[in-house]
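Structure record follows, encoded as structure tokens.
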Amino acid sequence: MIGAIVTAAGRGSRAGFGENKLLRPLGGGTVLEKTVAAFEESGLFGEILVTVSAEDETRVRAIFGGHPLVKIVPGGPTRTKSVLNGLRASAADIVLVHDGARPYVTRAILEDCIGSVKKYGSGVAAYPAADTLARAEDGRAAEVLGKDGLYVVQTPQGFYRRELLAAYEKARGDYPDESSVYAEFVSAPRLSLGSPANRKLTYREDFESFRTGNGYDTHRLETGRRLVLGGVEVPYEKGLAGHSDADVVVHALMDALLSGAGLRDIGCYFPDTDPKYKDADSVNLLREVVRIVGERGYKVENASVALLAERPKLAPYIDRMRENLANVLAVPFSDVGISVTTAEKLGFVGREEGMAAYATALLKKTF
Ligand code: MG
């Protein structure tokens, strides 16, 4: 039987989340679930042991409770001790040890590792270094190793369990990985298929993801109203009608941000039945929307608005609108685009009965 030991007992402190990075969300579950799923879905494994710290044990047990293949193993104070506990708890003949923080491991990598163990007694995922490597001392490249013949070593690292366990029983102190224990007490391990795509999620940036959002708005034109677009008051005989200042540009943009963050539309957050928002400055509402999405971990990357208006000529006001929006979104001026077009006298825009705006925003989720 082939088994897996997935290490999840570390803290992952370099990501700076203040909790185990493996319990951070990724792809509808947690990083750890995605890693375990890669092993499970390969159909190659008869057991998957997950080493966890005492601190995370309750949460991890709740995640995998009742899972037919997963067994929780208490981790030790070091990776080496955690893996030793896993090797003792395992019933497998061949065991693959894998970092819980490498969720992108593929079936091809797992198969190659297992094949290597069967043929050579060991298989350590690695790929040729693309960059020059150096050993640093006091901020200096004390020894430039080059890249020829150098490999980046990853996991999975596969072995016959009894052989690796015997090596681990002899090991004292903490080793960086299984290959180093095997190399010291058995022999030089065989390299198997690795890939840069099988990366280890380490830093906060590794957990970023992007979302787009779309928004649309339209307002009627009426005489006796101010025309406010993108927070800029444009002198004109008519203005847009609405409960607030009816800033169609900002309204479309707010819906793009809320929608991108998976939230309800501005009607839910700023109902036009609420007297609080009578003649409200929409730029202030946008500020509130930026705060709401920011609370959920979203930062605006860029925004783009297409405004449909037959008249007046708006070109002279565009850059001021962009400046207003860039300020509130906390992005550079160049990351806010506004295009204006007429409707060629077609439809309600062409008849100058109203204006419309479409907005798109890109959001980066950082935690
Ligand atoms: Mg509106």
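Derivation of every value follows stated rules applied to the coordinates shown; laboratory data play no part. Quick caveat, the model's predicted, so the values are computed rather than measured. Note: ideal-geometry Cβ built from the backbone for every residue, glycine included; neighbour counts use all protein chains shown.
Over region 98-178, what lengths in whole Å, largest first, do the semi-axes of the equivalent ellipsoid take, defined as the square roots of 5 times the eigenvalues of the alpha-carbon gyration tensor?
Equivalent ellipsoid of region 98-178: 27, 18, 12 Å, largest first.
Over all directions, how big on average is the projection of the convex hull of the alpha-carbon atoms in region 107-250, in square nanometres?
Its average projected convex-hull area is 17.7 nm².
Take the eigenvalues of the Cα gyration tensor for the chain, scale each by 5, and report the square roots as semi-axes in whole Å, largest first.
Computed over the chain, the values are 58, 22, 17 Å.
Using only C-alpha atoms and all pairs of different ones, pull out the Kirkwood radius for region 227-367 in Å with one decimal.
This gives a value of 15.3 Å.
Please compute the Cα-Cα pair-distance distribution of region 73-137 with 5 Å bins starting at 0, giving whole percents from short to long.
Using 5 Å bins, I get a P(r) of 4, 13, 18, 19, 21, 15, 8, 4, 0 for region 73-137.
Angle between the Cα long axis of helix 318-329 and the longest principal axis of the chain, 0 to 90 degrees, nearest 10?
Computed tilt is about 40 degrees.
For Cα pairs less than 8 Å apart in space and 6+ apart in sequence, what is the mean separation divided by the residue count of region 247-326, i.e. the relative contact order in percent?
Answer for region 247-326 is 36 percent.
Restricting to Cα atoms and excluding each atom paired with itself, what does the Kirkwood estimate give for region 259-339 in Å?
It works out to 14.2 Å.
With everything on Cα atoms, drop me the angle between helix 107-120 and the longest principal axis of the chain, reported from 0 to 90° to the nearest 10.
It works out to around 10 degrees.
When only Cα pairs under 8 Å and 6 or more residues apart are kept, what is the percent relative contact order across region 111-229?
Value for region 111-229: 29 percent.
DSSP beta bridges in region 1-93, what fraction antiparallel, as a percent rounded to 5?
Rounded to the nearest five, the antiparallel share is 15 percent.
Looking at this model, which pairs from Lys34/Lys200; Lys71/Lys119; Lys81/Lys119; Lys147/Lys200; Lys118/Lys170 are more than 22 angstrom apart at the alpha-carbon?
With Cα atoms farther than 22 Å apart: Lys71/Lys119; Lys81/Lys119; Lys118/Lys170.
Out of all DSSP beta bridges with both ends in the chain, state the antiparallel percent to the nearest 5.
Taking every DSSP beta bridge with both residues in the chain, the antiparallel ones total about 65 percent.
If exposed means no more than 11 neighbouring beta carbons inside 10 Å and the site is in a DSSP loop, what's the longest run of the chain without any exposed trypsin sites (Lys or Arg not before Pro)?
1-171
If you keep only loop residues by DSSP, which GluC sites (Glu not before Pro) in region 302-367 have at most 14 other Cβ atoms within 10 Å of their Cβ?
Within region 302-367, the qualifying GluC sites (Glu not before Pro) (loop, at most 14 other Cβ atoms within 10 Å) are Glu344, Glu353.
Which number do you get for Rg(Cα) / (2.2 N^0.38 Å) in region 5-76?
1.05
To the nearest 10 degrees, how steep is helix 79-89 against the longest Cα principal axis of the chain, on a 0 to 90 scale?
Helix 79-89 sits roughly 70 degrees off the main axis of the chain.
Below 8 Å between Cα atoms, with a sequence gap of 6+, how large is the relative contact order for the chain in percent?
Over the chain, the number comes to 15 percent.
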